Amino acid sequence: MMEGDDLSMIVDGLERILGDASLEAIDEAGGLGVEADALWATLTGNGYHKFCTADQHGGFGGTIGDAAALVGLAGRYALALPLADTLLANGLLSACGIEAPDIRIGLADSLDPFAPLAYAAQLDAALFIEGKRLHLTRLAPGDVTALLQAEDGASRFTRVPQETLCEAATPDWLTPETTHALAAFMRAAAMSGAMETVLKMTLTYTQEREQFGRPLSKFQAIQHHLSDIACETAASIAAVGMARDALSADPSCGQQVWDEIAIAKIRCGEAAGRVAAAAHQAHGAMGFTREYALGRYTRRLWQWQDEFGSETEWASRLGHSVLAAPEPSLWARISQPS
């Protein structure tokens, strides 16, 4: 686990970069365009894509748990670039003894070959885990077909990519299931960050906008919406924090880590739907306009909800884990958290 001061310095640097970036760089359609490319060059020039890469492979040596801080920050800006997936892919490559090339890498869902590949319009390569082998394959134009109106240029595979950039045996802990879980953790962290901004945005709007001579935030119905958004956001941040702590304690992703990631993905997925609905209710018609920022946050929340497992899938996994315990353990886990 990275020292707190070091991590804070790295996160502060990323916030300065994103805070100074133009809206076109942050939210260009599909993450494509000159300004988006320039922002990506700045991110990679500062090494953020190699945050989880070992020191000997030219990275920061941060853990995947540490990366939640960066991914949550990217979510707070609704960043339409594959930073989270590339830094996780580079971390997995490093764990297999491979120094990653300086390219944009996407994560194929190893448990669902039909799942869309996020950020595909931007990617140079995709990472797969099959059995005990890791594969990094270059993406060619004919390998994927774009999904209409996908926020980040997501696509579906039309064929297996033909060109292998590198492959290696994986350590025992790195399985298709583990990769799926770690990618789900990244989505949960991004959702929690996006919900923080939605909360701030909704508070600001309802305090500044007046109706019948007083701010919207003074109306009881709006206060209920604000309360719901705040509670759901706080619960999501807490769930991601527990998963992060579990990952930091057990980088090999044992069962406790799986359970905490499941809780985080379930909680953030459920919260995303509620937060989006409440925020749009509080904003009224303004929230649906293309020029206003709320829509790009809620659309990403809806997308991240389903990537690398929906709430239903992870709830089923968590239930099977609890039932598989050698003795009744649910109440002990609820009343005496470790």
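Only one of 61, 65 is assigned to a loop (DSSP other than H, G, I, E, B) and not polar (S, T, N, Q); which? If you could, list the steps in order and put the result at the bottom.
Working: 65 fails: assigned to a loop (DSSP other than H, G, I, E, B).
Result: 61 is the single residue among 61, 65 that is assigned to a loop (DSSP other than H, G, I, E, B) and not polar (S, T, N, Q).
When only residues in segment 109-141 that are part of a loop (DSSP other than H, G, I, E, B) and among the aliphatic types (A, V, I, L, M) count, which is nearest to residue 314 (Cα to Cα)?
Applying the filter and picking the extreme gives 111.
Return the pair list, or none, for Cβ contacts closer than 7 Å from residues in segment 228-255 that are among the acidic types (Asp, Glu) to residues that are open to solvent by 20 Å² or more (accessible area, probe 1.4 Å) and at pLDDT 95 or above, at least 6 apart or on different chains.
Pairs that qualify, where the first residue is among the acidic types (Asp, Glu) and the partner is open to solvent by 20 Å² or more (accessible area, probe 1.4 Å) and at pLDDT 95 or above, are 228/274; 232/274.
Looking only at segment 78-108, how many residues end up being open to solvent by 20 Å² or more (accessible area, probe 1.4 Å) and part of a loop (DSSP other than H, G, I, E, B)?
8
Return a yes/no flag: does segment 41-52 have any residue that is open to solvent by less than 10 Å² (accessible area, probe 1.4 Å) and either in a loop (DSSP other than H, G, I, E, B) or of a type in the set (Phe, Trp, Tyr) (or both).
Yes: one or more hits.
In this structure, does residue 233 turn out to be open to solvent by less than 30 Å² (accessible area, probe 1.4 Å), in contact with a Ser or Thr (Cβ under 6 Å, 6 or more places away or on another chain), in a helix (DSSP H, G or I) and at pLDDT 90 or above?
Details: open to solvent by less than 30 Å² (accessible area, probe 1.4 Å): yes; in contact with a Ser or Thr (Cβ under 6 Å, 6 or more places away or on another chain): no; in a helix (DSSP H, G or I): yes; at pLDDT 90 or above: yes.
So residue 233 fails the test.
Given the conditions (1) under 30 Å from residue 114 (Cβ atoms); (2) modelled with pLDDT under 95; (3) of a type in the set (Ser, Thr, Tyr); (4) surrounded by 15 or more Cβ atoms within 10 Å (Cβ to Cβ), which single one is not true for residue 192?
Against the list (1) under 30 Å from residue 114 (Cβ atoms); (2) modelled with pLDDT under 95; (3) of a type in the set (Ser, Thr, Tyr); (4) surrounded by 15 or more Cβ atoms within 10 Å (Cβ to Cβ), residue 192 comes up short only on (2).
When only residues in segment 282-299 that are in a helix (DSSP H, G or I) and small (Gly, Ala, Ser) count, which is surrounded by the fewest Cβ atoms within 10 Å (Cβ to Cβ)?
Applying the filter and picking the extreme gives 285.
Return only the number of the condition from (1) in a strand (DSSP E or B); (2) among the β-branched types (Val, Ile, Thr); (3) over 21 Å from the mean Cα position of the chain (by Cα) that residue 202 does not satisfy.
(1)
Could you grab the pairs with beta carbons closer than 6 Å, sequence gap of 6+ or different chains, first residue in segment 304-319 and buried (at least 21 other Cβ atoms within 10 Å of the Cβ), second one β-branched (Val, Ile, Thr)?
Final answer for the pair search is 314/266.
Out of curiosity, is residue 59 modelled with pLDDT under 95, open to solvent by less than 60 Å² (accessible area, probe 1.4 Å), farther than 27 Å from residue 147 by Cα and in contact with a Lys or Arg (Cβ under 6 Å, 6 or more places away or on another chain)? If you could, list the steps in order and put the result at the bottom.
Values: modelled with pLDDT under 95: yes; open to solvent by less than 60 Å² (accessible area, probe 1.4 Å): yes; farther than 27 Å from residue 147 by Cα: yes; in contact with a Lys or Arg (Cβ under 6 Å, 6 or more places away or on another chain): yes.
Considered against the rule, which asks whether it is modelled with pLDDT under 95, open to solvent by less than 60 Å² (accessible area, probe 1.4 Å), farther than 27 Å from residue 147 by Cα and in contact with a Lys or Arg (Cβ under 6 Å, 6 or more places away or on another chain), residue 59 comes out as yes.
Test of understanding: among 279, 238, 264, which residue is within 17 Å of the chain's Cα centre (by Cα) and open to solvent by less than 30 Å² (accessible area, probe 1.4 Å)? Walk me through it before giving the result.
Values: 279 fails: within 17 Å of the chain's Cα centre (by Cα); 238 fails: open to solvent by less than 30 Å² (accessible area, probe 1.4 Å).
On inspection, the qualifying residue turns out to be 264.
Can you spot a residue in segment 150-157 that is touching a His at 6+ places or on another chain (Cβ under 7 Å), free of Cβ contacts under 8 Å to residues at least 60 places away in the same chain, farther than 24 Å from residue 68 by Cβ and open to solvent by 60 Å² or more (accessible area, probe 1.4 Å)? Explain how you work it out, then say what you get.
Quick first cut of segment 150-157, residues touching a His at 6+ places or on another chain (Cβ under 7 Å) only: none.
Looking for residues that are touching a His at 6+ places or on another chain (Cβ under 7 Å), free of Cβ contacts under 8 Å to residues at least 60 places away in the same chain, farther than 24 Å from residue 68 by Cβ and open to solvent by 60 Å² or more (accessible area, probe 1.4 Å), one finds none in segment 150-157, hence no.
The values are calculated or read from the model by the stated rules, or taken from the named source; none is laboratory data. Predicted model only: the values in this text are computed from it and were never measured. Because the Cβ atoms are built from the backbone with ideal geometry, glycine has one as well, and the counts that use them run over all protein chains shown. What goes into the accessible areas is simple: the full protein's heavy atoms, side chains included, and nothing from ligands, DNA or RNA. Shrake-Rupley method; radii C 1.70, N 1.55, O 1.52, S 1.80 Å.
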